[in-house]
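Computed from the coordinates by the stated procedures, all read-outs in this text should not be read as laboratory data. Values in this document were obtained by computation on a predicted structure and should not be read as measured data. Glycine also receives a Cβ, built like all others from the backbone with ideal geometry; neighbour counts cover every protein chain displayed.
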Amino acid sequence: MDEAELKKKVKEFHTKLGEVRKEISKIVIGQTDVVNGFLRGLIANGHILAEGVPGTAKTLLVRVLSNVMGCEFGRIQFTPDLLPSDIIGITTYIEGEGFQTYKGPIFANFILADEINRAPPKVQSALLEAMQERQTTIGQNTYALPVPFIVMATQNPLENLGTYPLPEAQVDRFLFKILVDYPPILDEERVLETNISLRKLEDYKIEKVFDAEQIIEMQHIAKQIFLHDRIKNYIVRLVDATRHPAKYKLESGKYIEWGGSPRASIGIYIAAKAEAMLQNKTHIVPEFVKKVAPDVLRHRILLNYLAQSEKVDSEMIIDSILKRIKIP
């Protein structure tokens with residue numbers, strides 16, 4: 001695809017994404033950064049982990065996004081007694097019909113994994129295959145999941161009772177970890193009149209903007225956005241600084257137990273292209289990398305006990321890295 005055709009396609013999808021934001025804003029008030037984060041994840045074809053206290057519209061946003069994108073929506077409410085078969089399906093014998101396979105709610109385009117940290121380890125393992133391979137195994141057979149397939153998980157940071165820490169291998173499969181905060185006062189005033197407790201979702205007349213085929217095309221176009229070798233080097237050095245902080249004279253390095261894997265570099269690379277599409281650009285600039293880096297890195301930097309004792313979080317580490325590492 002030549003430059004002119006790429007520019008035309010990027011502009012086309014940029015316009016449609018603007019329409020998506022407009023439809024979402026009919027019911028989800030404010031939360032602009034969160035909405036943009038979810039759209040970046042969709043463009044990049046990556047799974048998203050959203051963390052925030054109850055009542056901040058995490059679940060609502062996923063429901064509305066699936067409607068606007070014209071995709072099949074599946075919701076899994078995770079509980080400590082959940083079984084793998086509850087999400088992937090079962091194979092059972094029916095007299096006179098033989099063995100029959102019944103697919104679970106995982107067979108949808110957008111999966112809302114609500115309170116994912118309540119799922120026991122066996123369920124996490126079943127979900128891991130679906131997230132990484134985009135397929136799942138029921139009995140002795142393996143089934144491909146629908147395309148597109150994106151897991152959008154929510155996590156409540158307040159409660160520990162009845163929860164299971166997500167395995168690091170699974171956390172690493174999420175392209176983004178997005179923090180959902182309280183809305184500003186003016187936005188919350190508008191929420192009082194437009195909240196879904198007073199009306200049904202259908203009352204908001206959400207219009208479909210995309211369909212599955214268009215999403216797949218958008219993801220393909222995003223991959224073709226240009227990224228200079230200097231930017232590639234910048235991305236790799238950002239992630240390398242989380243592994244070898246002493247090499248970059250990072251004082252905050254004393255708080256890091258483990259840094260990001262190559263999947264973190266790949267995540268920033270892909271996410272920066274998604275941000276370029278949101279900005280109607282056919283090339284990457286350093287600001288796009290800086291914009292997406294926190295969402296990609298915050299769940300991939302493991303902190304040590306010193307960080308916990310001194311109340312240092314990954315946000316502080318990432319901020320110090322972005323200030324230290326310069327464009328070559």
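Two decimals is fine: what is log10 I(q)/I(0) at q = 0.16, 0.17 Å⁻¹ for the stretch 257-328, from a Debye sum with one equal scatterer on every Cα and no solvent?
So the normalised log intensities work out to -0.60, -0.67.
With a sphere of radius 11 Å drawn around the Cβ of N67, what net charge do the other residues whose Cβ falls strictly inside it have (Lys, Arg +1; Asp, Glu -1)? Don't skip to the answer; put the middle values down first.
Working: positive: K26, R63, K205, K208; negative: E23, E72, E202, E207.
After counting each charged neighbour, the total is 0.
Using only the Cα atoms of the stretch 90-205, construct the convex hull and provide its projected area averaged over every direction, in square nanometres to one decimal. Intermediate values should be presented prior to the final figure.
Numbers: hull surface 45.5 nm².
Hull-based average projected area comes out at 11.4 nm².
If you build a Gaussian network model of the chain, linking Cα atoms that sit under 10 Å apart, which residue out of M131, M218, M316 swings the most?
Answer for the Gaussian network model of the chain: M316.
Can you tell which of F13, F226, F38 shows the greatest fluctuation in a Gaussian network model of the chain with Cα springs below 10 Å?
Most flexible of the set in this elastic network: F226.
How large is the convex hull of the C-alpha atoms of the stretch 27-110 per residue, in Å³? Don't skip to the end; give the middle numbers.
On the way: hull volume 11.3 nm³, N = 84.
It is 135 Å³ per residue.
Exactly which trypsin sites (Lys or Arg not before Pro) in the stretch 111-205 are in a DSSP loop and have at most 10 other Cβ atoms within 10 Å?
On the way: sites: R118, K122, R134, R173, K177, R190, R199, K200, K205; in loops: R134, R173, R199, K200, K205.
Those that pass, being in a loop and sparsely packed, are K200, K205.
Could you calculate the FRET efficiency of E257 with I327 from 1/(1 + (r/R0)^6), where r is the beta carbon distance between them and R0 is 30 Å, rounded to 0.05? Numbers along the way, then the final one.
Numbers: r = 28 Å, r/R0 = 0.93.
Once rounded, the FRET efficiency stands at 0.60.
Starting from the Cα gyration tensor of the chain, multiply each eigenvalue by 5, take the square root, and state the resulting semi-axes largest first in whole Å. Could you put the intermediate results ahead of the total?
Details: eigenvalues 195, 132, 98 Å².
Sorted largest first and rounded, they come to 31, 26, 22 Å.
Please compute the modelled spin-label separation between T15 and Q279, points set 7 Å along Cα→Cβ, answer in nm with one decimal.
2.2 nm
In percent, what relative contact order does the chain have, based on Cα pairs under 8 Å that are 6 or more apart in sequence? Intermediate results must be reported in sequence, preceding the final value.
Working: 533 pairs, mean separation 74.7, N = 328.
Reported relative contact order: 23 percent.
Which of the aspartates and glutamates could be linked to K9 by a straight reach, that is with a Cα gap under 12 Å, when you skip same-chain ones fewer than 8 residues away?
Within reach: E217.
So what's the stretch 190-316 giving for Cα Rg divided by 2.2 N^0.38 Å, two decimals? Show your work: numbers first, answer last.
On the way: Rg = 19.6 Å, N = 127, 2.2 N^0.38 = 13.9 Å.
Ratio of Rg to 2.2 N^0.38 Å for the stretch 190-316: 1.41.
Here are some pairs, K8/K177; K11/K323; K58/K311; K8/K205; K223/K281; K58/K326; which of them have Cα atoms lying more than 24 Å apart in this structure? Intermediate values should be presented prior to the final figure.
Details: K8/K177 31 Å; K11/K323 32 Å; K58/K311 26 Å; K8/K205 30 Å; K223/K281 13 Å; K58/K326 35 Å.
In this structure, K8/K177; K11/K323; K58/K311; K8/K205; K58/K326 lie more than 24 Å apart at Cα.
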